[in-house]
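Trainee: This is the structure, below, for whatever I ask next.
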Amino acid sequence: MDHIKKIHVIQKSSGKTQTELARVLGVSFKTFNSWVNGKSIPRKKALENIDALYFQYVGDINIDESVLVEKKERLEEFQRQYKDPFKRIMSRKDLYNIFLLEMTYHTNSIEGSTFNEPEVRAVLFDDVTIPDKTVLEHQEVKNHQGALAFVMRWIRDEDGNITELFIKRIHEILMNSILHNAGQYRTHNVRIAGANVATSNPLKIDEHMGELIKELNNPTKDIVTHIAQTHAKFERIHPFSNGNGRVGRLLMLTTAFKNNLAPVLVKKEKKTAYYNYLQEAQTQENYIPLISFIYDGILSGYELLKEE
């Protein structure tokens with residue numbers, strides 16, 4: 001793939017303008033525009049920077065296990081600094097609001113919401129109706145606010161394991177007034193859009209979810225590996241007719257908090273990489289890229305805790 005095609009992919013994945021991408025790449029708009037229009041060819045260093053940005057957004061399924069070492073060390077540094085991320089967020093309303101905004105904005109954007117971050121903030125905290133936006137998009141914001149509040153209360157008040165009832169309740173709140181079967185497993189076959197991944201037969205969902213819930217509650221591996229593997233399995237089962245991504249990301253958050261980690265923040269700009277890594281794990285059983293991605297998500301979660 002030549003540099004022009006890569007730039008177009010980067011623009012689509014990141015949502016950034018040419019001016020913003022030029023700034024990221026450290027060149028003038030005129031130079032960047034000349035690259036895009038094929039009037040000039042980037043020099044070697046610029047091509048390397050474009051490649052790095054491309055892999056940042058699209059992902060690199062060929063990364064090896066060595067990349068996890070540095071990320072684990074950074075995670076351990078944060079763990080020493082922030083002993084109980086959940087308690088820190090719950091004890092400060094300002095931090096909770098930042099956390100709520102970031103989680104809601106990114107998870108809904110991944111699923112196609114056209115709200116920008118200031119619009120999500122206005123709906124969450126000022127109960128504003130955004131002109132020219134759908135009722136559905138407003139409902140998704142308020143529903144995610146309610147679902148996240150439910151999850152946070154459950155983590156605070158319950159010492160027990162993740163249950164089927166807990167998972168179904170998350171879905172019920174997320175899909176309230178959106179799906180007629182909110183909180184219920186699907187009874188029909190589905191395909192994951194854009195992915196060559198076979199989902200569970202509806203007759204097998206109860207069995208597969210029972211097995212997954214046991215695994216969720218009994219981590220036998222490094223916790224980040226555990227989160228990555230159980231998330232890939234949940235999304236492959238795809239137990240609900242819609243909303244599986246949002247439920248799955250809240251389950252990752254739950255597991256992280258229960259193990260004294262910051263939440264996994266999956267950013268919308270990384271949507272393409274996220275989906276590529278999930279599919280690689282689900283079809284090739286190559287979990288390393290997804291584990292690396294989850295490390296990045298947790299490290300982004302720790303960045304939220306630094307707000308003073």
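The values are calculated or read from the model by the stated rules, or taken from the named source; none is laboratory data. Every value quoted in this text rests on a predicted model; they were computed, and no experiment measured them. Here Cβ is always computed from backbone atoms with ideal geometry, including for glycine, and neighbour counts include all displayed protein chains.
Trainee: Residue check, K168 against (1) in contact with a helix residue (DSSP H, G or I) (Cβ under 7 Å, 6 or more places away or on another chain); (2) under 18 Å from R236 (Cα atoms); (3) modelled with pLDDT of 95 or more; (4) buried (at least 16 other Cβ atoms within 10 Å of the Cβ), all met but one. Which one?
Mentor: Single failed check for K168: (1).
Trainee: Regarding F125, is this residue within 16 Å of G297 (Cβ to Cβ) and either free of Cβ contacts under 8 Å to residues at least 12 places away in the same chain or not acidic (D, E) (or both)?
Mentor: For F125, the condition - within 16 Å of G297 (Cβ to Cβ) and either free of Cβ contacts under 8 Å to residues at least 12 places away in the same chain or not acidic (D, E) (or both) - is not met.
Trainee: Where in segment 191-292 are there helices (runs of 4 or more DSSP H), lying wholly inside it, with at least 1 residues that are without any contact (Cβ under 8 Å) to a residue 60 or more places away in the chain and under 29 Å from D84 (Cβ atoms)?
Mentor: In segment 191-292, the matching helices (runs of 4 or more DSSP H) lie at 205-216, 223-237, 244-258.
Trainee: Right, next: Could you look through segment 101-146, keep only residues that are among the aliphatic types (A, V, I, L, M) and assigned to a loop (DSSP other than H, G, I, E, B), and pick out the one that is surrounded by the most Cβ atoms within 10 Å (Cβ to Cβ)?
Mentor: Selected residue: I130.
Trainee: Would you tally the residues in segment 98-148 being among the hydroxyl-bearing types (S, T, Y) and more than 16 Å from the chain's Cα centre (by Cα)?
Mentor: Looking only at that region, the number is 3.
Trainee: Does any residue of segment 66-80 turn out to be farther than 27 Å from L304 by Cα and of a type in the set (G, A, S)?
Mentor: No, there is no match, as no residue in segment 66-80 is farther than 27 Å from L304 by Cα and of a type in the set (G, A, S).
Trainee: Now for a separate question. Under 7 Å between Cβ atoms, which residue pairs at least 6 apart in sequence (or on different chains) link something in segment 161-172 that is of a type in the set (D, E, K, R) with a partner that is not in a loop (DSSP other than H, G, I, E, B)?
Mentor: Between residues of segment 161-172 that are of a type in the set (D, E, K, R) and residues that are not in a loop (DSSP other than H, G, I, E, B), the close pairs are E164/M209; E164/I213; R169/F150.
Trainee: Applying the selection to segment 28-57, what residues are of a type in the set (S, T, N, Q), assigned to a helix (DSSP H, G or I) and either farther than 25 Å from F293 by Cβ or more than 24 Å from the chain's Cα centre (by Cα) (or both)?
Mentor: T31, N33, S34, N49
Here's the yes/no breakdown for (1) over 21 Å from K221 (Cβ atoms); (2) surrounded by 12 or more Cβ atoms within 10 Å (Cβ to Cβ):
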| residue | (1), (2) |
| --- | --- |
| F29 | yes, yes |
| F32 | yes, yes |
| K45 | yes, no |
| I50 | yes, yes |
| G59 | yes, yes |
| E70 | no, no |
| P85 | no, yes |
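Trainee: Could you run through segment 58-72 and say how many residues are in a helix (DSSP H, G or I) and farther than 14 Å from K270 by Cβ?
Mentor: Residues flagged as in a helix (DSSP H, G or I) and farther than 14 Å from K270 by Cβ within segment 58-72 amount to 6.
Trainee: Okay, next question. Hey, any hits in segment 49-58 for a residue that's of a type outside the set (V, I, T), over 30 Å from E307 (Cβ atoms) and out of contact with any helix residue (DSSP H, G or I) (no Cβ under 6 Å at 6 or more places or on another chain)?
Mentor: Scanning segment 49-58 turns up at least one residue that is of a type outside the set (V, I, T), over 30 Å from E307 (Cβ atoms) and out of contact with any helix residue (DSSP H, G or I) (no Cβ under 6 Å at 6 or more places or on another chain).
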